[in-house]
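See below for the structure under consideration.
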Amino acid sequence: MSIASLPHAPSAGPVVGWGYDNYGQSDVPEGLTAVQIATGLEHSLALREDGTVTVWGGNRFGQTEIPEGLTGIVQVASGGRHSLVLRADGTVSAWGNNAYGETDVPVGLTDVVQVSAGLCVSLALRKDGTVIAWGGEFHGQTDVPEGLSAVQISTGREHSMALRQDGTVIAWGNNYSRPVPDGLCDIVQVAAGDGHSLALRKDGTVIAWGWNRDGQTDVPDGLGEIVQVAAGDGQSLALRKDGTVIAWGNDYGRPVPEGLRASTLASGYLHSLAIESSPDRARRLEAQSGDGQSRRAGKTFRACRVRVTRPDGSAGADTPVTFQLQGTYAAFDDCSTQSPTTATVETGPDGTCGSPPITSYAGATGIIHVKASAGPDTVYFALTVRKNS
């Protein structure tokens, strides 16, 4: 579900996560910056500028247990519950769940320029355009079309896609993701999701097809100036050339963190990641509890930590900021929801508490709490941190 060989040039920056967080997959490690990202079912990966990899989230199948001494990496890919990395020398490493052979990298596989990982399948694109597939073979997703020569690949839950040099697209695997729309051409990037597919045209417009139970193929009217697309489970994302992010489909891709400016995107099962292109967002936090913890009315619980920095990323002189509650909704035992629900924010430098607005300082770490006043089992929330004018 991850994308490489993008038609634009991503830049290094802070990693931002949102959506479902039951395994911590959208809870990005503090201070993490990366040049490339990937998302799976329960875990996430990030590639640092120094060629090392950071992994977080669910580890029930060892998918976050990075092999010792793993360096010289140029691309990461996250499958259902396994991980792939591409080394600068064109070789591939894999770890995590191997129930269907998805981490059994073919012996002698070299000259690889891109990897992609699906639910239980792995793909590799060689520099000569050939595609190699291994792993689960339930719907033909490892049956690479004969004679295929590709410039980019993407694999989803049960189907795979490839972009040809001439801008046409081919797909194989589960039938609900096919056929490719008639006359589809001038494509510069493809993205395979759970049961749907996205294609980006060179004119900056987007085409979507496949399963549409959550509106994931209902491309917003007038969507243009797109430089990357990402497909998850029931959500679709598009990155505009100005760095803004557009999401449609299920609620796990929305809302996009307020004010986000990104250089690249990744969307997994029920969560998404972005690499920020604007340092100004170092002063803002978007958080969602999403951890499934039940809390009684009136009880305060820790949501996350925040490190306040200057726009250039340094922790220099003190800088007043204000923490503001953006919105909440409550989930009750009977599966009903209430939005908005009453909540208060309590935080301060180094864990001290106070009443909003609160002054924090560059480099200080504060703990954000949300207190529900109306008896929900779980409160989901969004917060921002803004520089005081």
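The values are calculated or read from the model by the stated rules, or taken from the named source; none is laboratory data. Predicted model only: the values in this text are computed from it and were never measured. A quick note on method: Cβ atoms are made from the backbone with ideal geometry, for glycine too, and the neighbour counts reach across all protein chains shown. The area values use the complete protein model at the heavy-atom level, side chains included, leaving out ligands, DNA and RNA. Shrake-Rupley method; radii C 1.70, N 1.55, O 1.52, S 1.80 Å.
For A230, the conditions (1) modelled with pLDDT of 95 or more; (2) over 26 Å from C120 (Cα atoms) all hold with the exception of (2). G57 meets all of the listed conditions (1) modelled with pLDDT of 95 or more; (2) touching a strand residue (DSSP E or B) at 6+ places or on another chain (Cβ under 7 Å); (3) at positive phi but one, namely (1).
For the stretch 21-32, a residue qualifies if it is at negative phi, touching a residue at least 24 places away in the same chain (Cβ under 8 Å) and in contact with a strand residue (DSSP E or B) (Cβ under 8 Å, 6 or more places away or on another chain), and the qualifying residues are D21, Y23, Q25, S26, D27, V28, P29, E30. One residue alone among A266, A247 is outside any loop (DSSP other than H, G, I, E, B), open to solvent by less than 10 Å² (accessible area, probe 1.4 Å) and touching a strand residue (DSSP E or B) at 6+ places or on another chain (Cβ under 9 Å), and that residue is A266.
Take the conditions (1) modelled with pLDDT of 95 or more; (2) surrounded by 24 or more Cβ atoms within 10 Å (Cβ to Cβ); (3) under 13 Å from H82 (Cα atoms); L125 misses just one of them, which is (3).
Selection of the stretch 128-152 for residues being open to solvent by 30 Å² or more (accessible area, probe 1.4 Å), of a type in the set (A, V, I, L, M, F, W, C) and not in a strand (DSSP E or B) yields F138, V144, V151.
Taken over the stretch 216-233, the residue count meeting the criterion of being crowded, with 24+ Cβ neighbours inside 10 Å and touching a residue at least 40 places away in the same chain (Cβ under 8 Å) is 6. For A34, the conditions (1) open to solvent by 10 Å² or more (accessible area, probe 1.4 Å); (2) at pLDDT below 95 all hold with the exception of (1).
Can you tell me which residue within the stretch 74-97, out of those that are over 19 Å from the mean Cα position of the chain (by Cα) and farther than 20 Å from Q25 by Cβ, is most open to solvent (accessible area, probe 1.4 Å)? Break it down stepwise before answering.
Taking the stretch 74-97 first, the residues over 19 Å from the mean Cα position of the chain (by Cα) are 87-95, 97.
Pick out the ones that are also farther than 20 Å from Q25 by Cβ and you get 87-93.
Details: R87: 70, A88: 81, D89: 101, G90: 5, T91: 32, V92: 16, S93: 20 Å².
Checked the stretch 74-97; the qualifying residue most open to solvent (accessible area, probe 1.4 Å) is D89.
Taken over the stretch 43-52, the criterion of being farther than 20 Å from S154 by Cβ and not polar (S, T, N, Q) is satisfied by R48, E49, D50, G51.
I need every pair where a residue in the stretch 88-104 that is touching a residue at least 24 places away in the same chain (Cβ under 8 Å) has its Cβ under 7 Å from the Cβ of a residue that is surrounded by 20 or more Cβ atoms within 10 Å (Cβ to Cβ) and basic (K, R), sequence separation at least 6 or different chains. Taking only residues 6 or more apart or on different chains, the pairs are G96/R81; N97/R81. When V28, V53 are checked against the criterion of being open to solvent by less than 40 Å² (accessible area, probe 1.4 Å) and more than 14 Å from the chain's Cα centre (by Cα), a single residue qualifies: V53.
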